[in-house]
Amino acid sequence: MRAGEIHELRRTQRYMIQGLEHTFLFDDDYIRSTACKDEVDQAILDVLYMAGPAGKLPRNIALELAEYKINPWNVTQRIRRMNKRLDRHIAKAVAEKRGLKWVLTNWAHHNWGATKEELTETVTR
């Protein structure tokens, strides 16, 4: 297959997933496995989930994750890469900027804290 054909197949797959969004269950395990490359990415998402709708500045996230020795610029770049990976698969973003702070998107926050049963209940409604 040529690169153009692969690109078209991925685009078609994304459209199908968007249309069937309420049929699929995207829990936190799926988000972690798709968007996160390593434990640092997972730790960033955990910090953002705990921050809630108020969000966190990249420097505060870096301070909370001092054991990983990352700086604020690395936090921002990692979030952007996670968004890119998730967008490539299901056309969703895991985090967004609100002002200077990063927060989980409403979709990701809802799915992050939900159990499979809760997500199944939401789908059947």
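The values are calculated or read from the model by the stated rules, or taken from the named source; none is laboratory data. Note that the structure is predicted; figures quoted are calculated from it, not measured. Positions of Cβ are generated from backbone atoms using ideal geometry, with glycine treated the same way; all protein chains shown enter the neighbour counts.
Count, please, the residues in the range 24-46 that happen to be aliphatic (A, V, I, L, M) and either within 13 Å of HIS109 (Cβ to Cβ) or surrounded by fewer than 18 Cβ atoms within 10 Å (Cβ to Cβ) (or both).
Quick first cut of the range 24-46, residues aliphatic (A, V, I, L, M) only: 25, 31, 35, 40, 43-45.
Okay, now just the ones that are also either within 13 Å of HIS109 (Cβ to Cβ) or surrounded by fewer than 18 Cβ atoms within 10 Å (Cβ to Cβ) (or both), so 25, 31, 40, 45.
The qualifying residues number 4.
Sort out which residues of the range 1-33 are among the acidic types (Asp, Glu) and either modelled with pLDDT of 95 or more or part of a helix (DSSP H, G or I) (or both), and write them in order of number.
Scanning the range 1-33 gives GLU5, GLU8, ASP28, ASP29.
So the check is Cβ under 9 Å with 6+ separation or different chains; which pairs have a first residue in the range 47-66 that's within 12 Å of GLU96 (Cα to Cα) and without any contact (Cβ under 8 Å) to a residue 12 or more places away in the chain and a second one that's part of a helix (DSSP H, G or I) and acidic (Asp, Glu)?
none
For LEU86, state whether it is touching a residue at least 24 places away in the same chain (Cβ under 8 Å) and within 15 Å of the chain's Cα centre (by Cα).
Yes; evaluated as a whole, the condition is true for this residue.
Pick from VAL47, VAL40: which is out of contact with any Phe, Trp or Tyr (no Cβ under 7 Å at 6 or more places or on another chain), modelled with pLDDT of 95 or more and closer than 16 Å to VAL94 by Cβ?
Values: VAL40 fails: out of contact with any Phe, Trp or Tyr (no Cβ under 7 Å at 6 or more places or on another chain).
Testing whether each residue is out of contact with any Phe, Trp or Tyr (no Cβ under 7 Å at 6 or more places or on another chain), modelled with pLDDT of 95 or more and closer than 16 Å to VAL94 by Cβ leaves just VAL47.
Using the structure shown, decide if ALA62 is of a type in the set (Gly, Ala, Ser), within 30 Å of LEU9 (Cβ to Cβ), in contact with a helix residue (DSSP H, G or I) (Cβ under 6 Å, 6 or more places away or on another chain) and modelled with pLDDT of 95 or more.
no
Can you pull out the residues in the range 79-101 that are out of contact with any helix residue (DSSP H, G or I) (no Cβ under 6 Å at 6 or more places or on another chain) and not acidic (Asp, Glu)?
The answer is ILE79, ARG80, ARG81, ASN83, LYS84, ARG88, LYS97, ARG98, GLY99, LEU100, LYS101.
Collect the residues in the range 63-83 that are among the aliphatic types (A, V, I, L, M) and under 10 Å from the mean Cα position of the chain (by Cα), keeping them in residue-number order.
Answer for the range 63-83, where residues must be among the aliphatic types (A, V, I, L, M) and under 10 Å from the mean Cα position of the chain (by Cα): ILE79, MET82.
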